[in-house]
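To keep things clear, I will list the structure first and then write my remarks on it.
The values are calculated or read from the model by the stated rules, or taken from the named source; none is laboratory data. All of these numbers come straight from a predicted model, not from anything done at the bench. Cβ atoms come from the backbone with ideal geometry, glycine included; neighbour counts cover every protein chain shown.
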Amino acid sequence: MAHWLFKTEPDVFSVTDLAQRPSQRECWDGVRNYQARNYLRDRVQIDDDVFIYHSSCSTIGIAGLARVSQVGVVDPTQFDPESHYFDPKSMPDNPRWITVEVEWKETFPDILSLSDIKQMPNLDELPLLKKGHRLSIMPVGANEYKTLLTAARR
């Protein structure tokens, strides 16, 4: 099993929104970066754990945990002309944007803030902390996952 960090803006979609869905599942739509798309298409697998990371908000950081419940999902927003994520070059018979479905597992008592994460030891390889790394989907190593999960549950 691999581990991931998925960024989201909580005013658009938060870990609370995921927890409140009737099935507590949601398609992780709207990813429009090819490297992030390739992670979703080629590397993310069913049962992988996903940190839900809130960005572009007052308290930036890890807010909860989800599990990948389905892979190979065609992102429906690419075909919707009313969607901010509409892609006129993507065709239904050859979709450009593939994503996954995630299922809520846990909302942490408090957000594990980015400033706290930056102060933690042994996270040197975490892409989130590397200069210039702005992907919305990123892998998290096994040791980093354990460290972050332990801190988030305190």
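Give me the pairs: first residue in the range 72-89 and of a type in the set (D, E, K, R), second residue loosely packed, with under 14 Cβ neighbours inside 10 Å, beta-carbon distance under 6 Å, and six or more apart or on different chains, which are they?
Final answer for the pair search is D80/F86.
Go through (1) surrounded by 16 or more Cβ atoms within 10 Å (Cβ to Cβ); (2) within 20 Å of L128 (Cα to Cα) one by one and return the number of the condition S58 breaks.
(1)
Is the range 129-140 home to any residue that is more than 17 Å from Y34 (Cα to Cα) and in contact (Cβ under 8 Å) with a residue 60 or more places away in the chain?
Yes - at least one qualifying residue is present in the range 129-140.
So A63 ticks every box in (1) crowded, with 16+ Cβ neighbours inside 10 Å; (2) under 22 Å from N33 (Cα atoms); (3) under 14 Å from the mean Cα position of the chain (by Cα); (4) not hydroxyl-bearing (S, T, Y) but one. Which box is left unticked?
(2)
So which strands (runs of 3 or more DSSP E) are wholly in the range 45-154 and hold at least 2 residues that are among the aromatic types (F, W, Y)? If you could, list the steps in order and put the result at the bottom.
Details: elements: 49-54, 61-74, 98-113, 137-140.
So the answer is 49-54, 98-113.
Determine which member of the set R25, R37 is surrounded by 14 or more Cβ atoms within 10 Å (Cβ to Cβ) and within 25 Å of L126 (Cα to Cα).
R37
Condition check ((1) at pLDDT 95 or above; (2) over 19 Å from R21 (Cβ atoms)) across all residues:
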site: A66; (1), (2): yes, no
site: S69; (1), (2): yes, no
site: V73; (1), (2): yes, no
site: Q78; (1), (2): yes, yes
site: E101; (1), (2): yes, no
site: T107; (1), (2): yes, no
site: D110; (1), (2): yes, yes
site: L114; (1), (2): yes, yes
site: D124; (1), (2): no, yes
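Filter the range 1-22 down to the residues that are surrounded by 17 or more Cβ atoms within 10 Å (Cβ to Cβ), touching a residue at least 60 places away in the same chain (Cβ under 8 Å) and in a loop (DSSP other than H, G, I, E, B) and list them by number.
Listed by number, the list holds a single entry, A2.
Out of the residues in the range 108-143 that are in contact with a His (Cβ under 8 Å, 6 or more places away or on another chain) and closer than 17 Å to L65 by Cβ, state the one that is surrounded by the fewest Cβ atoms within 10 Å (Cβ to Cβ).
Here the answer is A142.
Looking at (1) in contact with a helix residue (DSSP H, G or I) (Cβ under 8 Å, 6 or more places away or on another chain); (2) farther than 23 Å from E144 by Cβ; (3) exposed (fewer than 14 other Cβ atoms within 10 Å of the Cβ), which is the one condition that is false for S83?
(3)
Looking at D42 and the list (1) surrounded by fewer than 18 Cβ atoms within 10 Å (Cβ to Cβ); (2) in contact (Cβ under 8 Å) with a residue 12 or more places away in the chain, which single condition is not satisfied?
Unmet condition: (2).
Residues I46, I60, I98: which one is out of contact with any Cys (no Cβ under 7 Å at 6 or more places or on another chain), of a type outside the set (S, T, N, Q) and within 24 Å of M120 (Cα to Cα)?
I60
What are the pairs with Cβ atoms under 8 angstrom where one residue, in the range 90-119, is on the phi > 0 side of the Ramachandran plot and the other, located anywhere, is aliphatic (A, V, I, L, M) and in a helix (DSSP H, G or I)? Sequence gap at least six, or different chains.
none
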